[in-house]
Amino acid sequence: MQVQAIYTNFRMSSQKMREVVRQIQGLPALQAQAVLAVVPRKSARVVAKTLQSAIANAEALRSEWGKSALEQKVSDLEAALEHTRNRKKKNRQKSDLAKYQSFLDSENRLAVGSLWVKEAVASTAPIYKRMQPKARGQGGPILKRGCNIRIVLSDSPNKQG
């Protein structure tokens, strides 16, 4: 089972953010928090905030989904899947069904101590373009770069998919 947190349009270049994000890939979530606490960079604080949000998402899912309620949701989705003709709706129902079944089949069920950082990515966000006045009536470009941070946590360290 996987959970994720996304921080969008943070005003820092993705190149600077990737230096910090690479340090936590593949680590247990609690160890990644400890690593980020000692990194003296602005980007480390933002990545730590996003990681904390992903952990909170996992705790919320764990407390929200009881076994009996989840089994009821799975049976309802299976019944709805048989009667749906709309392709997009059917694909969404299939993905939801797979998510619920993977949660039921997992051993740890998103326990905080068993979460691993499966994926940590810093991608580019839209760039704000400004102009700086230069000599002889010309203008020089100013690029204000941004980045998006996505952290995916999984409850097993080597599970693919």
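Things to note:
- Extension gain, Arg145 to Val38: 0.36 nm times the residue separation minus the Cα-Cα distance gives 36.0 nm.
- Compared with the direct C-alpha span, the chain from His83 to Leu70 gains 2.6 nm at full extension, assuming 0.36 nm per residue.
- Using 0.36 nm per residue and subtracting the Cα-Cα separation, the extra length available between Lys49 and Ala98 on full extension is 14.8 nm.
- Between region 1-47 and region 96-152, the Cα center-to-center distance that results, in Å: 10 Å
- Using C-alpha pairs under 8 Å with a sequence gap of at least 6, the mean separation divided by the residue count of the chain gives a relative contact order of 41 percent.
- Spatially proximal aspartates and glutamates relative to Lys88 (Cα-Cα < 19 Å; intrachain offsets below 8 disregarded): Asp76, Glu78, Asp96
- Considering region 59-138 at the alpha-carbon level, its Rg and Dmax are found to be 22.8, 74 Å.
- Each of Ala125, Ala56, Asn91 was placed along the dipole of region 1-127 (beta-carbon charges, centred on the mean Cα), and the one lying farthest toward the positive end is Ala125.
- Residues in region 91-130 that a label on Gln4 would reach, taking backbone N under 12 Å of a point 7 Å out along Cα→Cβ: 118-123
- When Rg and the Kirkwood Rh are both derived from Cα coordinates, the Rg/Rh ratio for the chain amounts to 1.14.
- Dipole magnitude (debye, nearest 20) for the chain, charges at Cβ of Lys, Arg, Asp, Glu: 1420 debye
Each reported figure results from applying straightforward, stated rules to the coordinates on display, with no laboratory input. Please read all numbers here as calculations on a predicted model, not as lab measurements. No Cβ is skipped: glycine too gets one built from the backbone with ideal geometry, and neighbour counts run over all protein chains shown.
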